[in-house]
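These notes are about the structure you will find just below.
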Amino acid sequence: MPLFRTPLTLFLCLMLGSLAAEPLRLQETLPEGSQFGLYVQYLKPVPGSDRVALEHNADLLLPPASTLKLLTALAARLVLPNDFRFVTEVLANPNGQNSQDWVIRFGGDTSLSREQLKQLLSKAKTALGASQVRDIWIDDSAFVGHERGLGWPWENLGACYSSPVTAVSIDDNCVPAAVYSNLQPGQRVRVNVPKHQPIEVLAEAEVVSASQQRERLCNLDLSGGDDNRYRLSGCWPQSKNPLPLKLAVQNPARFAQDIVRAQAKALDLNLKGQVRIGRPSGPAGKTMGKTLALHRSAPLPDLLRQMLHRSDNQMADALLKTLGGRFHQLPGSYRAGLSALRRVLRDQAGIDLSRAIIEDGSGLSRSNRLSPRQLGQVLDYLYRNDAQLGLLDLLPVSGESGTLQYRRSLSRPPLKGRYRAKTGTLFGTRNLAGIFTTAKGSELLVVQFISNYFPIKDTAGPKPYIRFEQRLYNGLYSDF
């Protein structure tokens, strides 16, 4: 497919100079074997020109990575009310005249902290008065089905950005740790986990010299089990500095169970029984009880800002499951969320995703496929309906905020502050999608997908995708 729309070809070749070589001399900045898709559209009509300014591989289905969060944000905004908040509550479930169970009903709030949960239990204790508590239940029934999206990379299961997405979340289901290798070769590394964290790491990795590591072709290998126990094997070179780790909790319900047990003891709760996972059932299998205390998250716009600015995978998939549950009147799940997303964007926004492959709401799945033109349709809808949706102001700004604050290609004048966009990064993928303002004040919708990106390591100068973006956006800035 030609890079330029035909009516603009001669004009662009004259005006863009180095950018006008086929195809825009952008391909030469990327490693051999890479490919890119590009879709650039005027957001306001330009007399005598097509609305589409530039396109290259615009209909090629490529991995969107975290730019997929734009679809999740739009679907959430169309399904959930503006004042939507995740709710976590403690209910009292009667079990006799002087005894009752507590049910902590988790609702998928990935922003819930350990301290907020403790305050919730403290408020429930105050509301309870002198009554006894028999069992405390961890109710995780708000979400069902897969806890991770299909196509999530298995080797990243120890990383917090790929922690399971369940109704139960405390501190983002993420535990900090550190690996110490300031020991003699042949000894095992030491792993430090804060004492209050209910996880265990079995350190079997051997300390080696740098040359030994090269000879043995070994590295650190982390595996985790459903009991929130981890095994660290392999080897790691001697170092005076600790290696920081962030461990994804593998079993969030059990993690919450251990935390609640410790918090109940710290609050001197009169707990006669156990902390259990599930929920007690009343007549006809329904949970009975009255609310003792509840915690509400920030409202939807703040949740979406966090999701887009931090590229928060867990928030994105929790919102996907929630909007699916609301739309279909079922417990939240990936299946319900993806069905709702496709139907809502088709029926309310006129965006046809029938050829797209979407397996999650975060973009973490390596199976996701979307074309630059399809994502351009989403951005166009966001722009035309910004007064009602208010989503564009939630995007990171080049050189100023979020995941674009320190992006080298865009963080300095004249591009600083000119691009409001969502980033997308996966293995072999470097994407950007948003609204770009040129030197003449023109607003351009830009979708950039770079795929099969595997540069040679230790190459001098800026990384290839940085050179690609500098050439592209400086050209757009100057000549449109």
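Observations on the model:
- Shape call, region 36-154: gyration tensor on alpha carbons, a/c limit 1.5: prolate
- Packing order of peptides 213-219, 356-362, highest average first: 356-362, 213-219 (average count of other Cβ atoms within 10 Å over each peptide's residues).
- Dipole magnitude for region 320-411: computed about the Cα centre from +1 point charges on Lys and Arg Cβ and -1 point charges on Asp and Glu Cβ, it is near 380 debye.
- Counting DSSP beta bridges with both ends in the chain, the antiparallel % (nearest 5): 75 percent
- Within region 193-275, DSSP assigns beta bridges of which about 40% are antiparallel (rounded to the nearest 5).
- Pairwise centroid distance, computed over Cα atoms, of region 306-364 with region 182-237, Å: 37 Å
- Between helix 464-479 and the chain: long-axis angle, C-alpha atoms, 0 to 90°, nearest 10: 60 degrees
- Debye, to nearest 20: dipole size of region 85-189, +1 on Lys, Arg Cβ, -1 on Asp, Glu Cβ: 260 debye
- Per-selection metrics, region 311-367 (Cα): Rg and Dmax in Å: 11.0, 29
- Partner lysines for K246 [C-alpha distance under 29 Å; skip if fewer than 8 residues away on the same chain]: K69, K118, K195, K265, K321, K422, K457, K463
- Between 0 and 90°, nearest 10: helix 114-128 axis offset from the chain longest Cα axis: 40 degrees
- Trypsin sites (Lys or Arg not before Pro) lying in DSSP loop within region 112-173, provided at most 14 other Cβ fall within 10 Å: none
- Cα gyration tensor category, rounded, prolate or oblate, for region 104-207 with a/c compared to 1.5: oblate
- Sequence-separation-based contact order of the chain, relative, with Cα cut under 8 Å and 6+ spacing, percent: 23 percent
- Assigned charges on the beta-carbon of Lys, Arg, Asp, Glu; the chain dipole about Cα centre (debye): 560 debye
- Value of [θ]222 nm, deg cm²/dmol, for the chain, DSSP H segments ≥ 4, -39500 (n - 2.57) each, nearest 500: -8500 deg cm²/dmol
- Each eigenvalue of the Cα gyration tensor of the chain, multiplied by 5 and square-rooted, gives one semi-axis; in descending order these are 45, 31, 17 Å.
- The chain: angle of helix 252-266 to the longest principal axis, Cα-based, in degrees nearest 10: 50 degrees
- Multiplying the residue separation of E443 and A178 by 0.36 nm and removing their Cα-Cα distance gives an extension gain of 90.8 nm.
- With the charge dipole of region 131-209 set up from +1 on Lys and Arg Cβ and -1 on Asp and Glu Cβ about the Cα centre, the Cα lying farthest toward the positive end among the listed residues W137, V201, G151 is that of V201.
- Quarter of the Cα convex hull surface for region 186-318, i.e. its orientation-mean projected area (nm²): 13.3 nm²
No value in this document is a laboratory result; all are computed from the given coordinates. Please read all numbers here as calculations on a predicted model, not as lab measurements. Because the Cβ atoms are built from the backbone with ideal geometry, glycine has one as well, and the counts that use them run over all protein chains shown.
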